[in-house]
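Reviewing the structure listed below.
Any read-out appearing in this document is the output of simple, stated calculations on the displayed coordinates, not a laboratory observation. Being a predicted model, the structure only gives us computed values, none of them experimental. We place every Cβ from the backbone using ideal geometry, glycine too, and count neighbours over all the protein chains shown.
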Amino acid sequence: MTETGRENVPSRARRRFPGISSRAYEHPADRSALVALRKLSGFDTVFKALSGLLPERSLRLLYLSDSVRVSDAQFAHLHDMLRDACYILDLEKVPSMYVTQDPKPNAMCIGLDEPIIVVTTGLVELLDEEEMRAVVGHEVGHALSGHSVYRTVLLFLTNLALKVAWVPLGNVAVMAIVTALREWFRKSELSADRAGLLVGQDLQASMRGLMKLAGGHHLHEMNVDAFLAQAEEYEESGDLRDSVLKILNVLPRSHPFTTVRAAELKKWAESRDYQRIMDGHYPRRSDDKDTSVTDSFRESASHYADTVRASKDPLMKLVGDIAGGAGDLGGKLFEKFTGTPGGRSAPGGDEKSGGPGTT
């Protein structure tokens, strides 16, 4: 693979994954949604028809006219990272990449026909070379997974929701779709974090990058183990009311919380799945057409069942208890929220120890 006559080879020795399918690193919930969409008859045709309504051409002209296009002549170190990432993940066509002036650290991959990667000056100034390499790999992972299409739709619908806010029920309908897309996109970020690790192949650099997104330049004041401990405390602390607040806090966000991302990535880096990929055993793109939607959803359901069983979050523990037959929903919710027993009273008003509905 060449670009303007220059061979795309990594700047240092890293494992390469010829023909790797995005299924290799995709989060189970992300993967099941994508497989189902790709299997839908006429899905590509519908999105091409929508391209006339979506502001893709406008976005391309905007970045071309008001941002800096990464190349051998501009931000050459980012261009090398981009080519390296595409070489490692075997992405045939190197996406266009732009640096845009914005003090807020951010990056995104958008586009319907061809993905565009955009990084802000705030991000470029915040991260060192290896941290930035993981971010570039993250965005190339989005491109390989086809996330740029859905991300563009999400941007379009978010803007549309603002324009139709005055229409009765119009905003409600659009925001319902936006909320669902955001939930998918948060899962897709976990997938892309894994792609970033496959490209950078440096877990500590990935961890440092996430810590900087949370705490800024002051890396000397931060500690990876303490940062990961925050994620554990976040998951298991509080009561059922805190669990509800966590859900409300994350709903408007496009990304999961950084401590949660760090913990998820570390868990995957220590898994057998990651080691198998590094050893060269991974799904190939050539087999994507044979992917079973049913198997994908089954794997996703199994993942969520395992997550509920292992979770220390009060709400997840409650769900697990109810699913396991440990009590009735009404009684447990009443007890969790009020701190008083929510079981049904025995005749005469006295509660029988161990009777139905007691905990």
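Each label point was placed 7 Å from the Cα along the Cα-to-Cβ direction; for residue 101 and residue 183 their separation is 4.1 nm. Extension gain, residue 74 to residue 130: 0.36 nm times the residue separation minus the Cα-Cα distance gives 18.3 nm.
Using the structure shown, select from 187/212; 93/212; 104/267; 266/289; 212/267 the pairs with a Cα to Cα distance greater than 23 angstrom.
93/212; 104/267; 266/289
For residue 284, nonlocal amide neighbours, meaning residues 5 or more places apart or on other chains whose placed amide H falls under 5 Å from its own, are 21.
Were the residues from residue 225 through residue 278 laid out at 0.36 nm apart, the gain over their Cα-Cα distance would be 16.6 nm.
Extension gain for the segment residue 16 to residue 113, taken as residue separation times 0.36 nm less the Cα-Cα distance, is 32.3 nm to one decimal.
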